[in-house]
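The values are calculated or read from the model by the stated rules, or taken from the named source; none is laboratory data. Since we're looking at a predicted model, the values are computed, not measured. As a convention, Cβ positions derive from the backbone with ideal geometry for all residues, glycine included, and neighbour counts pool all protein chains shown. Just so you know, the surface numbers come from the protein's heavy atoms only, side chains and all, with ligands and any DNA or RNA stripped out. Shrake-Rupley method; radii C 1.70, N 1.55, O 1.52, S 1.80 Å.
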Amino acid sequence: MQNLVTILVLAPLLGALVAGLFGRKIGDIASQAVTTGLLFLSCALSWYTFAQHTWGGLEPFTVKLLDFINIGTFHSAWSIRIDALSATMLIVVTSVSSLVHLYSWGYMAEDPSRPRFFAYLSLFTFAMLMLVTAADFMQLFFGWEGVGLASYLLIGFWFQKDSASSAAIKAFVVNRVGDFGFALGIMTIYWMFGTINFHELFPLIAAKENTTWMFLGHSFSALDLAAFLLFIGAMGKSAQFFLHTWLPDAMEGPTPVSALIHAATMVTAGVYMVCLLSPLFEYAPVAKMIVTYIGAITAIFAASIGFTQNDIKRVIAFSTCSQLGYMFFAAGVGAYEAAMFHLFTHAFFKALLFLGAGSVIHGMHHEQDMRHMGGLAKYLPVTYAAMTIGTIAITGLGIPYTQIGFAGFFSKDMIIETAWAAHNTPQGMFAFVIGILAALLTAFYSWRLAFMTFHGKKHWEAAHDDHHAHGHDDHAHAAVAHAHDDHAHAHGHDDHHGHAHTPHESPIVMLIPLIVLSIGAVAAGFVFAPYFIGDHAHAFWGHAIQHGPHNHVLHEAHHIEEAWVKWAPLVVTLIGTALAVYFYLLKPALPKAMAARKGPLYTFLYNKWFFDELYQATFVKGAKALGDLFWKVLDVKIIDGLGPNGAAWTALKSAQRLVKTQTGYVYHYAFVMFLGIAGLLTWVVFGMAR
């Protein structure tokens, strides 16, 4: 078993090296085949490992590959940790990544840099596997930074586009802010415990519950400080409120990248880390409270933006941000199992929605603006069916007290119920109310996307004519506006794009992943609910998730007496769906008129609460002004002015004056000699007089 998990983790690295170093020699097809084949091997081994853990009685174990750092008392080894958490993340990461690899065979078929693209995909997957199997903080940080690097490369894959390069830099810089807090958190842990190894660390935490840290005359809980600093890292990686601004811009990458990064892997790393560190957060109540509030605010914040966006990928991106908020406030109230279960189910339906959006973009000849779509159901039947399944799953549609519902019903309803179980605390009640409101908005913007894309009038015919007559409007995201938009990178239209630009279904290699993910979006909930949050949860999770002595929210969530709590998510979901039907099927002119008026609320939401403008005005311009101060004033005027440049200027001016005395006339030199002798005699006479 140890050899199998080693192969599991290293297979994507091998694929990345082969495609990255030898891609030009072996060709596009061979590069794709090697990377995809090794990913499916890794996926198969991941499911085997998960099955052995879940049904085969496999005990947690750690495989030490080699020593990494040994300096004094600081020890770190490159290891592979297998337990319930890592086994769950293994199947999430490898399943989505392998399907994205396969999907990319069709989506990137005309791109001239396919070996590089597939190498980046495999490198990203390897870094993510390193992260989720880490046995200590150093390897966790290594994988953390690895996925940051790979995401930078993937988001900016079409680096010829200024927008893609800017988005990649933005993602990298914003994540550095979070990673700085993450690094400080790791240092705090080592300062407190003298170890960064999880196996050694977790048993020591309870004894440090009352340890304090003094700063500016005030006493702070050291465990709260460490947990909060680590959570800052999670905020950046998982695009939580304040550090979320990189996520929508990351849509500049190819759609398969969006599915890989934003569905199940990179953005869920923060949720995974908080659940992994449950032994720490259980003794850090202030940090848990902050996690709850930030998660709940993110859930409603991102959902409120989602129903004003017109780019199909950006709507799904803000949907991801909102669903991550659900996961975080679940972990914040102590329901780590529910958070991980939603992470698990979310991977299937969100990857399905992103890849479905890519299929729509492919079929619409690189169009991404939903206002230029409509009536696509009969042209893209498989994509339509898949995205409908994904929409039902993400809205959490299901019948309480039964096992009838798609994947999102089981996990999201459990999160809302655990928040109610913690309603005796202010943060628990806040999370419950926000969770209900966000569920309503989720239903509205999800069905809005489905209706604008697949139902109603065929706006793409008028949009095509308008593109030729007038160009794109200010929010169009098609090929002309971006020079080479999402998957239209420098390769124009393929052969089947020549039928009067009629939308067409995607090739079979792109549809197979949609079908597989549809099965997961339907069945993942009721199949795995007993293990993640049900009767078998304790045996399934073992010691991978630990609860404090007063944390019983998961148990209490199963015994809620108030029936309205269980029915509330379904009711608001139906209300949100009904509103979407009214606005986008029965009265489609009404939302257009509302958008055209550009009222203050619409403008506020459409511009994403003006966070980009706020950060541009403060941090970006502030940093530039500070840089100009240090450069133009401190460096140029003061340091250089008084230092080397000042000395050089003094020497130059002195030389310019002295050179005037070198006239070449003998009487000038004689006069100077006379003055010198007179001065010398004066000095001698006055010296003798004393």
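Could the peptides 352-362, 187-197 be put in order, highest first, of the mean number of other beta-carbon atoms found within 10 Å of their residues?
352-362, 187-197
Can you give me the solvent accessible area of Thr618 with a 1.4 Å probe, rounded to the nearest 10 Å²?
60
Which of the peptides 371-379, 120-128 is most tightly packed, and how do the rest follow, going by the mean number of other Cβ atoms within 10 Å of each residue?
Order by mean packing, descending: 120-128, 371-379.
So with the 1.4 Å probe, I'd like the accessible area per residue for the chain, rounded to whole Å².
With the other protein chains kept in place, the chain gives 42 Å² per residue.
Spelling out what I want: for every residue of region 514-523, take phi, set θ = phi - 60°, compute 6.51 cos²θ - 1.76 cosθ + 1.60 (Karplus), and round to whole Hz; glycine and proline get x.
Ordered by residue, 3J(HN,Hα) equals 5, 5, 4, 5, 4, 4, x, 5, 7, 9 Hz.
Mind ranking 168-176, 411-419, 430-438, 558-566 by how tightly packed they are, going by the mean number of other C-beta atoms within 10 angstrom, highest first?
411-419, 430-438, 168-176, 558-566
Given a Förster radius of 35 Å and the C-beta distance between Ile575 and Ile515 as r, what FRET efficiency does 1/(1 + (r/R0)^6) yield to the nearest 0.05?
0.65
Quick check: at a probe of 1.4 Å, how many percent of the accessible area of the chain sits on carbon and sulfur atoms?
Working: 20110 of 28860 Å².
That share works out to 70 percent.
What is the gain in length, in nm to one decimal, between Ala595 and Asn3 on full extension, counting 0.36 nm per residue of separation less the C-alpha to C-alpha distance?
Values: separation 592, 0.36 × 592 = 213.12 nm, distance 5.82 nm.
Extra length available between Ala595 and Asn3 comes to 207.3 nm.
With just the Cα atoms defining each centre, how far is region 424-463 from region 630-656? Give it in Å.
62
Taking H placed 1.01 Å from N in the peptide plane, check which residues at least 5 places from Leu65 or on another chain put their amide H under 5 Å from its amide H.
Trp78, Ser79, Ile80
Considering only C-alpha atoms, what is the centroid distance from region 543-606 to region 147-213, in Å?
Going from one Cα centre to the other spans 31 Å.
Report the accessible area of Tyr152, computed with a 1.4 Å probe over the heavy atoms of all protein chains in place, in Å² rounded to the nearest 10.
The value for Tyr152 is about 90 Å².
Run the numbers on the chain and let me know its relative contact order in percent, using alpha-carbon pairs under 8 Å that are six or more apart.
13
Calculate one ³J(HN,Hα) per residue across region 81-94 by plugging θ = phi - 60° into the Karplus curve 6.51 cos²θ - 1.76 cosθ + 1.60, and present them in order as whole Hz with x for glycine and proline.
9, 10, 8, 4, 5, 5, 4, 5, 5, 4, 6, 5, 5, 6
I need the calculated FRET efficiency for the pair Lys624 and Met688, taking r as the beta carbon distance and R₀ as 60 Å, to the nearest 0.05.
0.30
For helix 644-658, what angle does its Cα long axis make with the longest principal axis of the chain, in degrees from 0 to 90 and rounded to 10?
Computed tilt is about 30 degrees.
Kirkwood Rh over Cα pairs of the chain into Stokes-Einstein at 10 °C, 1.306 mPa s: D in µm²/s? Don't skip to the answer; put the middle values down first.
Values: Rh = 27.3 Å.
In µm²/s, the coefficient rounds to 58.
Given the pairs Lys313/Lys592; Lys237/Lys350; Lys412/Lys566; Lys457/Lys587; Lys412/Lys587, which are separated by over 22 angstrom at their Cα positions?
Listed pairs above 22 Å: Lys412/Lys587.
Hey, what's the per residue convex hull volume over the C-alpha atoms of region 503-662, in cubic angstrom?
Dividing the Cα hull volume of region 503-662 by its residues yields 450 Å³.
Expressed as a whole number of Å, what is the distance separating the alpha-carbon centroids of region 225-240 and region 96-126?
30
Just grab the label-to-label distance for Phe159 and Tyr669, each label 7 Å out from Cα along the Cβ direction, in nm (one decimal).
Modelled inter-label distance: 6.5 nm.
Considering only protein heavy atoms, what is the solvent-accessible area of Arg81 at a probe of 1.4 Å, reported in Å² to the nearest 10?
Approximately 20 Å² of Arg81 is accessible to the 1.4 Å probe.
Roughly what angle does helix 563-581 make with the longest principal axis of the chain, taking Cα atoms, 0 to 90 degrees, to the nearest 10?
80
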